[in-house]
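Working notes for the structure below.
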Amino acid sequence: MNDNHAHPNNAQLVYAFVLHWVSTLGIFIVVAGFAVYVFELLPQSVAIDAVAKSWHLSAAELNQRYPLPTGWTWVSDILNGDILSFASIVYLSAATILCLLAVAWVFLKEKNGIYTVIALLQVLVLVFAASGIIGSGH
């Protein structure tokens, strides 16, 4: 067995540590967001029963029927229960970005310029993709 692969390096340990805590916190955030939504602790953009009756609709038809935010406009409606629940999923989607930022910091401290740049470029690509600047036109 090759001893170089027997033990994880610092970057792997930091990535795993950050992923563990981001995911653990994410589970609690998703459960809290779901509870806020289901128990209607905040106003809803669309009533729960209306959502259940609309499952057969396409996204385009749903957007025509209900005044739902599109793109990143949901951020301005964060105090609606359904949007807050959605935001919890967005948080989980950002887990990779948070892990890569932590790993980039490790690479920077280790003076590993190439890996630092690669990690930061990955973050930029993910942020750019999530921004919606380039869309598929659908």
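Could you tell me whether I118 is over 13 Å from the mean Cα position of the chain (by Cα), over 27 Å from F28 (Cα atoms), outside any helix (DSSP H, G or I) and not acidic (D, E)? So I118 fails the test.
Scanning region 60-88 for residues that are without any contact (Cβ under 8 Å) to a residue 40 or more places away in the chain, farther than 24 Å from T24 by Cα and exposed (fewer than 15 other Cβ atoms within 10 Å of the Cβ) yields A60, E61, N63, Q64, R65, Y66, P67, T70, T73, S76.
When W72 is tested against (1) part of a helix (DSSP H, G or I); (2) modelled with pLDDT of 90 or more; (3) under 23 Å from Q122 (Cα atoms), exactly one condition is not met: (2).
Looking across region 50-59, the residues that are over 27 Å from F28 (Cβ atoms) and part of a helix (DSSP H, G or I) come down to A50, K53, A59.
Whether any residue in region 83-90 is under 26 Å from H20 (Cα atoms), assigned to a helix (DSSP H, G or I), modelled with pLDDT of 90 or more and in contact with a Leu (Cβ under 6 Å, 6 or more places away or on another chain) is what I want to check. Looking through region 83-90, none of the residues is under 26 Å from H20 (Cα atoms), assigned to a helix (DSSP H, G or I), modelled with pLDDT of 90 or more and in contact with a Leu (Cβ under 6 Å, 6 or more places away or on another chain). From the list F107, F128, the one residue that fits, being aromatic (F, W, Y), surrounded by fewer than 15 Cβ atoms within 10 Å (Cβ to Cβ) and assigned to a helix (DSSP H, G or I), is F128.
If the condition is being touching a residue at least 40 places away in the same chain (Cβ under 8 Å) and among the hydroxyl-bearing types (S, T, Y), then region 89-131 contributes Y91, Y115, S131.
The values are calculated or read from the model by the stated rules, or taken from the named source; none is laboratory data. Bear in mind that the values here come from a model prediction, so they are computed numbers and not experimental data. In this analysis, Cβ positions are derived from the backbone assuming ideal geometry, glycine residues included, and neighbour counts consider all displayed protein chains.
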